[in-house]
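Have a look at the structure below, then the notes.
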Amino acid sequence: MSELAAPFEVSLQAVSKHLKVLEQAGLISRGRTRQWRPCRLEPAPLAGIAGWVAEYRRFWEDRFDRVPGLRGGH
């Protein structure tokens, strides 16, 4: 955990809380090897979110394209 916290100005406790949230959301999984607690990114939930965001991005880009004076709108 100290490795994860090193580049940031946050406490180990804050990093631990963030990791718990990510784990509960299914975005990471955590293991245990001796004194190490490696974290692994779980890409499947992120792929679902990316699809949802892409769908709404297309929707809003289409809407903005129709507004006069914005992005080629008339």
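Remark on residue 28: its backbone amide H falls under 5 Å from those of 23, 42, a criterion applied only to residues 5 or more positions apart or on other chains, H modelled at 1.01 Å from N. Computed over the alpha carbons of the chain, Rg followed by Dmax gives 19.7, 64 Å. Across the range 1-41, the fraction of Cα-Cα pairs farther apart than 17 Å, rounded to a whole number, is 30%. If the chain linking residue 33 and residue 20 were pulled fully straight, counting 0.36 nm for each residue of separation and taking away their Cα-Cα distance, it would gain 2.9 nm.
Using the Cβ atoms and a cut-off under 12 Å, what net charge is assigned to the surroundings of residue 30, where Lys and Arg are +1 and Asp and Glu are -1?
Details: positive: 20, 32, 37, 40; negative: 23, 42.
Surrounding charge for residue 30 is +2.
How about the chain: which chymotrypsin sites (Phe, Trp or Tyr not before Pro) there lie in a loop by DSSP and see at most 12 other Cβ atoms within 10 Å?
Details: sites: 8, 36, 52, 56, 59, 60, 64; in loops: 8.
The qualifying sites are 8.
Look at the dipole of the range 1-41 built from charges on Cβ: of 36, 15, 5, the Cα furthest out on the positive end belongs to 36. Think of each Lys and Arg Cβ as +1 and each Asp and Glu Cβ as -1; about the Cα centre, that makes the dipole of the chain roughly 260 debye.
How far, in nm, would the chain grow between residue 53 and residue 67 when pulled straight, counting 0.36 nm per residue and subtracting the alpha carbon separation?
Values: separation 14, 0.36 × 14 = 5.04 nm, distance 2.12 nm.
This chain segment gains 2.9 nm when fully extended.
Each value in this text was obtained by applying a stated rule to the coordinates, not by laboratory testing. These numbers were taken from a predicted model, which means no experiment stands behind them. Backbone-built Cβ (ideal geometry, glycine too); neighbour counts: all protein chains shown.
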